[in-house]
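As structure tokens, the structure follows; a few thoughts come after it.
The values are calculated or read from the model by the stated rules, or taken from the named source; none is laboratory data. As the structure is a computational prediction, the values presented were derived from the model and not from experiment. With ideal geometry, Cβ positions are generated from the backbone for all residues, glycine too; neighbour counts draw on all protein chains shown.
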Amino acid sequence: MVQVGLNHFLIVSAILFSLGIFGIVTRKNAVMVLMGIELVLNSANLNFVAFAKYGNFGLSGQIAALFVIILAAAETAIALAIVLNIYKTFSTVNVDEIDNLKE
Amino acid sequence: MTEAVLLNISIAILLLPALGFITLILFGKRIPGPQWVGTSLIFLALCISIYVGFGKLAFYAGQNLIMEGRWIQILNVPVLGQVNFDLGIKLDNLTVIMLFVVNLISFLVHLFSMEYMRGDIRFSRYYAYLGIFTFSMLGIVLTHNILMMYIFWELVGISSYLLIGFWFEKKSASDASKKAFLVNRVGDTGMFIGIMILFTNYHTFTFDTIFAQIAAGNLPFHSSAWLTACGIMIFLGAVGKSAQFPLHVWLPDAMEGPTPVSALIHAATMVAAGVYLVARIFVMLTADAMLTIAVIGMITSFIAATIALTQNDIKKVLAYSTVSQLGYMIMALGVGAYSYAFFHLVTHAFFKACLFLGSGSVIHAMHHEQDLRKMGGLRKKMPITYYAFLISTLAISGVPFTSGFLSKDGILAGTLAFGSLTGHWLIPIVAFLVAMMTAFYMFRLVILAFHGEPRDLHKYEHAHESPFVMAMPLVLLSVLSVFFWYGLNPFNPSTGWFLDKWIKTPTTIVPQNMRFDFMKTEAPVAGSLENAKAGEVKTTNAPIAVGAPKVTKQNESETAIVHSEHYMHAMHQAHYPAMALSLLLGGIGILFSFLLYQWKKIDPDKLAESLKPLYKLSLNKWYFDEIYAATFIGGTLAFSKFLAWFDNKVVDGIVNGAATLTRMVSKLGGLFDHVVVDGFVNFTAYLSGFIGIFFRKFQTGKVQTYVVFVVFSVIILLFIFRPFF
Amino acid sequence: MNIYDIVFYLFAAITLVSAFFVVTTRNIVYSAFNLLFTFFGVAGLYVLLGADFVAVVQIMVYVGGILILILFGVMLTNKITNVQIKTGTLQVIPAVIGVLLLAGVLIFKVFLGTEWKSVKTDIPVKTTAFALGKLLITDYVLIFELLGILLLVVLIGAATIARREK
């Protein structure tokens, strides 16, 4: 068994990413979709931090990860506000029922 | 009494009848006595014209008074440059005499019509028409330029048309009015061409300016032929209006109008307008033009006199007599007897108006019977009418002590002198023949109407003398037909004030080589032609401000020089032979008519039978109407028919062919549009729709689907950009 | 296999398993709790990668902020007693295929197929907070300020959107 290196982290990140996408695509509930997005963001962050360690970038990768976390928080706040609005408007948060854009 | 006063009140004379016309045509039906409106206005105009005539002839006899103002000023016309249209009036002796004549006869006719036209359903309109006629006739007389004259000329034509067709319910009357109008148009077209020749060359319509240019040797198109043509063209207007051969056919038919109208328009004034026009342009007539005019006048007077011999309608006889006398005047102008022509115009106006009004009186008394064969013996019933009629007849026949004798004698002497000087003997011969015939047919008329036994007893019984307003004009006019109004010597008019002081032959201004020999000026006397020319050019070149009338005085004595000594001598020589000859021939004519109709020594029917072809020719008016019907009218109709056929077949055919072709092309185009263009458009639409339907499947509106697409796209892109590792 | 490797596998397993349950369980509240473990696992991995400050931030922001926010969202949009809390799924089969494809591509074609020039940098054992703080107010100060403004805007925006008055 090889020593844990960059590729290990990358594989974990890739799997996490795919799971996040799976969550985004398959869930009806908007909140669940948000959770999938969080997974995707986490996998990206994991990559940043892994490259910060294994690439020659100093602490920039960690700074980027920090920024992503901040943005994720902001994004979640806005997204939840939108979800609440949607709920008030359509009385549902199932994204498959909200397809007014189609018409 | 200054010249400005005279000129300004002359405008009042012109406008008073127009005022009457406007009032009557607008409010005629509501005014209780329309005849009084028209008559009083004319009376006022008559008074003013007497005043003007007196003032002019007494104080300014040797001068011409001109007032002119700029009407239109066009600064820049292509080719011509600056063009000015001036309006103005010119008072010379001719004008004031004509003013008096026109107003007097118009007034008398107004008076006469009060009774004659009483009860007519369009009584007020009748007076309105008389008003516009008088207005336009006065306009012709007063104007100082040929454009205004042409305008009034046409106005006279239209009022004549209205009055001839006054009883338009009668087909003959409406036909006659149309005929008069159309025949006049032929002449007027020629006149217009003449005017345009002048205008093209001189850029003005004012007579004096034009004459000054010609006198300065500036001929139209630098050619004497054009000058001749121009004179003849303008003369064509006179041919139409004065009923000269070959356009004389309208005047007899014009007798369909009311008889006072015939007296006013078709005997005394309007037909004299042609003579007046020729007198106005007399100075610019070349020898050729004058000869043409003389020959036309001669032919006219001869033809009309022969026709008048056999007519049975009292008004037709008078109408042809009028045509004949007008021919006389034209002929006199043609032979250069300018003053006698105008003299005859005046005297003829009086005695012919008297004759027509007398005939109107007779017709009125006979309950609108116009056939001479049904009259007779009216002398006892209508003494005033008879004597007035008789005096006028004597005047027209040229019996001494009448005005007609003086003027006619002058014309005959003029023709005789012309014959002796130029060798054209036919003109005096015909003139004397016509004098004889005139005497004959006029006395035939008098005898048939007034002498002998009544032929229609029923109508005779009801005949009566006309009332005062009808008789008074007759008396007045017959009094004016006596010699002493024109000169004290009953045998030689040239010493009278009319010819000695008032009317003088103006100097012709055409180049010497284009005049008759007898009209050539021998030696330029000091202060004559050349100076006059210079003076005239100076005055006419003075600038005229727009809208500001300018009054000028012209010295008549400078411009008016009589013919050469040569001519005067010949004229003097011809005077007594002409008088003797005319007396003799007139006597023969009168005697002949008495033989035929009064004493019945010769049976007129037998005479007619023996001279049947000539009689027929005369009775049928030389078949002029038939000839015109066959040639001009038939030709026009045939040409019109051909044009109609051409239109129908060829033009319509082309048009229809074009239409059919267009339709076919349109159909093809429509098919193309329908199949190809529409097909293409529809195909595009279907394609878009199809693609839309296909791609619509992807647009689900579900975010997750889009995410899936994004993911797959990223994968595909990965393979595209990084195919190998 | 040393202790580092064991800890790595432990955290990787926690992360992936809990993430799997996040996306597969039907109960939305279970998902939220599983997400908690995922975040912890990721935080552990950060520690392994020497990013101690990021790991702390991850736990504070995600677990303390985002996850609570999500739970509030769940509670505000679903009545707890309602059966509706079990969310439905859709397009499972194509999604599975697609995700497997994606994972395969990512792992074998991108990450493993790339020759990473990995240089083992020595992350100092002492805390990175000092160095990060220095970077934030020197090299990245503009972004830092912008993010501050962004957070302010988000604060106001979220409140405005969520309030949605008539």
Residue within the stretch A:80-93 that is more than 8 Å from every other protein chain (Cβ to nearest Cβ) and either crowded, with 24+ Cβ neighbours inside 10 Å or under 20 Å from the mean Cα position of the chain (by Cα) (or both) present: no
Selection count, the stretch B:440-454, where residues are of a type in the set (D, E, K, R) and under 19 Å from B:Pro383 (Cβ atoms): 1
Selection count, the stretch C:130-166, where residues are farther than 30 Å from A:Phe57 by Cβ, more than 7 Å from chain A (Cβ to nearest Cβ) and surrounded by 12 or more Cβ atoms within 10 Å (Cβ to Cβ): 1
Whichever residue in the stretch A:22-59 is more than 8 Å from chain C (Cβ to nearest Cβ) and among the polar types (S, T, N, Q) and, among such residues, is nearest to C:Leu49 (Cα to Cα): A:Asn47
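Would you confirm whether or not the stretch C:60-76 contains a residue that is modelled with pLDDT under 75, closer than 24 Å to A:Leu84 by Cβ and within 7 Å of chain A (Cβ to nearest Cβ)?
No, the stretch C:60-76 contains no residue that is modelled with pLDDT under 75, closer than 24 Å to A:Leu84 by Cβ and within 7 Å of chain A (Cβ to nearest Cβ).
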Positions within the stretch A:1-32 being of a type in the set (Ser, Thr, Tyr) and closer than 20 Å to C:Ala13 by Cβ, in sequence order: A:Ser13, A:Ser18
Any pair with Cβ under 8 angstrom, 6 or more apart, that starts in the stretch B:1-17 at a residue that is closer than 14 Å to B:Leu44 by Cβ and ends at one that is surrounded by fewer than 22 Cβ atoms within 10 Å (Cβ to Cβ) and acidic (Asp, Glu): none
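Check whether at least one residue in the stretch B:701-716 is away from chain A (no Cβ under 14 Å), in a helix (DSSP H, G or I) and not hydroxyl-bearing (Ser, Thr, Tyr), and report yes or no.
Just the residues of the stretch B:701-716 that are away from chain A (no Cβ under 14 Å), to begin with: B:716.
Next cut, in a helix (DSSP H, G or I) only: B:716.
Retained after the next criterion (residues that are not hydroxyl-bearing (Ser, Thr, Tyr)): B:716.
Yes: one or more hits.
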Members of the stretch B:109-127 found to be surrounded by 24 or more Cβ atoms within 10 Å (Cβ to Cβ) and of a type in the set (A, V, I, L, M), listed by number: B:Val109
All positions within the stretch B:240-289 that are of a type in the set (Asp, Glu) and buried (at least 24 other Cβ atoms within 10 Å of the Cβ): B:Glu256
Qualifying residue in the stretch B:288-304 (condition: farther than 25 Å from B:Ile429 by Cβ, touching a residue at least 60 places away in the same chain (Cβ under 8 Å) and part of a helix (DSSP H, G or I)): no
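For (1) closer than 30 Å to B:Ala365 by Cβ; (2) among the β-branched types (Val, Ile, Thr), each residue gets a yes or a no:
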| residue | (1), (2) |
| --- | --- |
| B:Ser407 | no, no |
| B:Val434 | no, yes |
| B:Ala449 | yes, no |
| B:Asp456 | yes, no |
| B:Leu476 | yes, no |
| B:Leu480 | yes, no |
| B:Leu499 | no, no |
| B:Gln512 | no, no |
Every residue from the stretch B:158-194 that is crowded, with 22+ Cβ neighbours inside 10 Å and closer than 21 Å to B:Ala289 by Cα: B:Asn184, B:Gly187, B:Met191, B:Gly194
Qualifying helices (runs of 4 or more DSSP H) (wholly inside the stretch B:603-678; at least 2 residues being among the aromatic types (Phe, Trp, Tyr) and closer than 30 Å to B:Gln311 by Cβ): B:624-628
Exclusive hit being free of Cβ contacts under 8 Å to residues at least 40 places away in the same chain and either in contact with a Phe, Trp or Tyr (Cβ under 6 Å, 6 or more places away or on another chain) or surrounded by fewer than 21 Cβ atoms within 10 Å (Cβ to Cβ) (or both), set B:His458, B:His424, B:His451, B:His464: B:His458
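Name every residue in the stretch A:24-35 that is under 13 Å from the mean Cα position of the chain (by Cα) and farther than 16 Å from C:Leu67 by Cα, in order of residue number.
Let us first name the residues in the stretch A:24-35 that are under 13 Å from the mean Cα position of the chain (by Cα), namely A:24-25, A:31-35.
Passing the criteria: A:Ile24, A:Val25.
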Selected residue (only one of B:Gly635, B:Gly653, B:Gly692 is free of Cβ contacts under 8 Å to residues at least 60 places away in the same chain and more than 60 Å from the chain's Cα centre (by Cα)): B:Gly692
